[in-house]
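Notes follow once the structure below has been shown.
Just so it is clear, none of the values below were taken in a lab; they were calculated from the coordinates. Remember, predicted model here, so these are calculated numbers, not experimental data. With ideal geometry, Cβ positions are generated from the backbone for all residues, glycine too; neighbour counts draw on all protein chains shown.
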Amino acid sequence: MENRVVSEAEAMQAAFAHYQAGRLAEAGVLFDRVLEANPARVGALLMRGLIHTEADPPDPAAAEALFHRCLAVSPGNFLALNHLGQLHQGRDENLTAVGLFERSVAGNPAFAPAWNNLGVSLHRLGRRGAALDAFDRALAADANLVMVHGNRGHVLADLGRWDESIAAFRQALAGQPEAAELWRSLATACHRKGAEAEAEEACRQALALDPGDIESHVELASILERAGRVDEARASFAEAARLTGVVVAPCTGGPPQARVLIVYAQGGGNVPTKYLFDRQRFETISVHLPPPGHGAGLDEVLAGLPPYDIVFSAVGEGGGDDPFVRQAAELVAKVKVPVLNRPDLIPATTRDRLPAMLAGIPRLVVPAVRRLVRGDLERLAADLPPGGDRPVLIRPVGSHGGHDLARLDGAADLARYLEATPQPEFYVSEFFDYRSRDGRYRKYRFLFVEGVPYSYHLAIHDHWLIHYFRADMAHEAWMKREEEAFLANYPAVFSGPLAAAVQAAGRRLGLDYGGMDCALTTDGRVLVFEANACMLLHLQDSPEEFPYKHRYVPRIVDAVSTMVLGRLAGRGVARG
C-alpha cells in the first residue's frame with residue numbers, strides 16, 4: 001500500500017486526539033514532527049510546551065523555551081503568557097508571574113483561568129484585595145470554574161470575613177463534593193466563626209473522604225476541645241500523633257552537623273520550626289507527644305526514635321497544669337543530651353504571668369492580664385462603663401492569631417461577646433491606644449536567640465487589631481521601606497533606653513528561642529503584647545517583593561545554628 005502524506009492539519013488533529021486521550025508521548029512525537037516542518041506553528045509550540053509540563057517527570061525548562069518561542073512568533077498570545085506565568089508561579093516567582101498573567105488577561109479579558117492564576121499569585125504576595133478582584137473577574141468570565149470559589153474562600157478567611165469565606169467554600173464544594181481539603185477548609189472557617197456544629201460536621205466529612213488526613217484530625221480535636229469535649233479531643237489528637245509518627249527530614253547539605261529531635265504537643269501552642277533549623281546543616285527528627293492516657297508512653301516514644309544529638313522542645317504554651325508541658329518536662333528529663341527551650345520555662349510566659357516576669361524593666365510596660373472563668377466575667381461588667389472610657393481586651397485562653405479577640409467598651413459588648421464565644425476561660429487586659437502620631441498602628445516583632453534580640457518584622461495598619469497577614473505591607477512601598485529600616489538597624493527605631501528595654505526583656509524571658517510582639521507608645525515606652533516561645537519565623541515572602549527579608553532573616557537562622565553547635569561543642573556527641 002502506498003504511504004499517504006499526512007498534512008500538517010491532520011498531524012495536529014491526530015496529536016490533539018492523543019493528548020486528549022492522555023497519550024502524551026505519542027502526542028509529543030506528532031507535535032515535534034509538525035514543528036520540524038513548521039517551527040512557527042503556534043498551536044504546536046503551545047501544546048508541546050504544555051506536554052513538557054504534564055510529563056512524568058516534567059521538563060519545565062523545555063516548556064519555558066517553547067512558550068518563549070511562541071511569544072516570539074505571537075507576542076500577545078494569552079495562552080503562552082498564562083502558561084509561562086504558571087511556570088514562574090510554580091517556582092514561587094510570583095511578582096514575575098503577576099506581570100505575565102496581567103498581560104494574558106489584557107490580551108483576552110474573557111480567559112478565566114488566567115484571572116484565577118493572577119489571583120493566586122496576588123494572594124501569595126499578600127495583595128488580598130487585588131486577589132479578590134481577580135477571582136471575581138474569573139467568575140464573571142466563567143461562573144463554572146469551580147476552583148475559583150475555593151481560592152476566594154482562602155483569601156476571605158485570611159481577611160477574617162468568615163461568612164463570605166464559608167459561602168465560597170460551600171460553592172466550591174457544590175462542584176467538588178469529594179474534595180476533602182475543601183471540607184477541611186470549610187470546617188476551619190466555621191470553627192473560627194464559632195459555628196461549632198457546622199465545623200464538626202464539615203471536619204467529619206473531610207475525614208470520611210480522607211481518614212488519613214492529619215490536619216483534619218487536629219482540626220476536629222481543636223473543635224471538640226473548644227466545645228469542652230476533652231476526652232474526644234484527646235482521642236483525635238492521639239490519632240493525629242499515630243498517623244504522624246516519627247518524621248525525619250534529612251540534611252540536604254551532606255552529612256548533618258547535628259541531628260535535632262523536635263518534641264511537639266498535639267494541637268496549637270507549638271513553636272513553628274519549619275524554617276528554624278538550617279536544612280543544609282541539620283537533620284531534624286520530629287515527634288508529637290500523645291495526650292496523657294492515649295497512645296504510647298514516653299519510654300515507648302523514646303525507644304522508637306532514631307539517634308539524635310540535641311533536643312528542642314517545641315511545646316511553647318501552657319501553664320503549670322498543662323498536660324503537654326508536664327509530658328515534655330518528663331520526656332526531656334529522660335534524655336542524656338542537651339535540651340533547648342526547657343519545658344519548665346514555659347509556664348512563666350503565659351499571658352497572665354508575663355507581666356510579673358517583665359516587671360521593673362525601665363521604659364517597658366506590660367498591661368496586667370487577668371485569667372477569668374465565665375462566672376467571673378459578671379463582675380467585669382461593672383468595670384465597663386457605657387462610655388468606653390476604660391476599654392478592655394478579651395480573648396479565650398489558648399486562642400491565637402487574633403481569633404475571638406475583641407475590644408469591649410461596655411457591658412453590652414461583653415454580653416454579645418459571651419453569647420458568641422463558648423470557651424470556658426478568658427484573658428482580660430487593659431486596652432492601650434498605641435497609635436503613632438500619623439494615626440496608624442505599628443506592631444514590631446523581635447526574635448530572641450539565647451536572649452539576644454533580632455528584629456524580624458514590622459506590621460503597619462489603620463486598625464488596632466494588627467497581625468502581619470492583615471497588614472497591607474506588600475502593597476505600600478513606604479511601609480516596606482520602614483520595615484527594612486527596622487530590620488537593618490532596630491536601635492535606630494528603638495533608640496537608647498528603648499533598645500535596652502528590649503534586650504532586658506530577652507534576657508528575662510530566659511528561653512533559648514522565643515520572641516516578643518510590641519509597640520512604641522507616644523510617651524516613649526515599649527508596650528509588650530506578648531513574649532513567649534511560639535513566635536513564627538519564616539522565609540515564605542517573595543524575594544522579588546521583599547528582598548530585604550532574605551538579607552536579614554537568615555541571620556536569625558544562623559544564630560540558631562550557632563546555638564545548636566555551641567551546645568554540642570566540647571562535649572562529644574552522646575546520641576540519644
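Details
- Protection proxy ranking, peptides 185-194, 145-154, 61-70, average beta carbon neighbours within 10 Å, highest first: 185-194, 145-154, 61-70
- Charge dipole (Cα centre; +1 on Lys/Arg Cβ, -1 on Asp/Glu Cβ; no other charges) of the chain amounts to roughly 1580 debye.
- Estimated FRET transfer efficiency (THR522, ASP136; beta-carbon r; R0 45 Å; 0.05): 0.65
- Two-decimal Rg to Rh for the range 38-116 - Kirkwood Rh, Cα set: 0.95
- For the chain, the share of DSSP beta bridges that are antiparallel, to the nearest 5, is 70%.
- Backbone geometry of the range 190-202 corresponds, through the Karplus equation with coefficients 6.51, -1.76 and 1.60 at θ = phi - 60°, to 3J(HN,Hα) couplings of 5, 4, 5, 6, x, 8, 5, 5, 5, 5, 5, 4, 5 Hz, x marking Gly and Pro.
- Alpha-carbon gyration tensor eigenvalues x 5, square-rooted, for the range 8-176, Å: 33, 17, 14
- Dimensions in Å of the chain - Rg and Dmax from alpha carbons: 27.1, 100
- For peptides 337-346, 206-215, 103-112, sequence by mean Cβ density within 10 Å, most packed first: 337-346, 103-112, 206-215
- Lysine pairs within the chain, Cα separation less than 18 Å, 8 or more sequence positions apart or different chains: 4
- Amide H within-cut-off set for VAL369, under 5 Å, with H built and near neighbours excluded: none
- Ordered from longest to shortest, the equivalent ellipsoid semi-axes for the range 441-564 are 21, 19, 13 Å, each the square root of 5 times a Cα gyration tensor eigenvalue.
- Across the chain, the mean sequence separation of Cα contacts (distance under 8 Å, 6 or more residues apart), normalised by length, yields a relative contact order of 10 percent.
- Amide H contacts under 5 Å for VAL392, placed H, 5+ residues apart: LEU408, PHE431
- With the simple model of a label 7 Å out from the Cα in the direction of the Cβ, ARG507 to ALA488 spans 2.9 nm.
- Across the range 546-559, coupling constants 3J(HN,Hα) worked out from phi with the 6.51/-1.76/1.60 Karplus curve, θ = phi - 60°, read 10, x, 5, 5, 6, 8, 9, 5, x, 5, 6, 4, 4, 5 Hz, and Gly and Pro carry x.
- Span from the the range 402-463 Cα centroid across to the the range 510-555 one, whole angstrom: 15
- Helix 230-244 vs. the chain, principal-axis angle (Cα, 0 to 90°, nearest 10): 50
- Distance in nm between pseudo-label sites at HIS463 and ALA411 (7 Å out along the Cβ direction from Cα): 2.9
- Tilt relative to the chain, helix 497-509 - C-alpha long axis, 0 to 90 degrees, to 10: 90
- Rounded, prolate or oblate (a/c below 1.5 giving rounded, otherwise prolate when a/b exceeds b/c) for the range 182-237 by Cα gyration tensor: oblate
- Anisotropy class of the range 163-292 from Cα gyration tensor, a/c 1.5 cut: prolate
- Three-way shape call for the range 246-344 based on the alpha-carbon gyration tensor, with the a/c threshold at 1.5: prolate
- Positive-end residue of ALA348, PRO306, LEU377, charge dipole of the chain with Cβ unit charges: ALA348
- Top positive-direction residue, dipole computed over the range 246-344 with Cβ charges, set LEU289, VAL246, ALA258: ALA258
- Scoring 515-528, 121-134 by mean Cβ neighbours within 10 Å over their residues and listing the highest first yields 121-134, 515-528.
- The translational diffusion coefficient of the range 507-576, from Stokes-Einstein at 10 °C and 1.306 mPa s with a Kirkwood hydrodynamic radius over alpha carbon pairs, comes to 104 µm²/s.
- Lys/Arg +1, Asp/Glu -1 at C-beta; the range 8-176 dipole; positive extreme among PHE16, PRO109, ASN77: PRO109
- Each Lys or Arg adds one and each Asp or Glu subtracts one; over the other residues with Cβ under 14 Å from the Cβ of VAL29, this totals 0.
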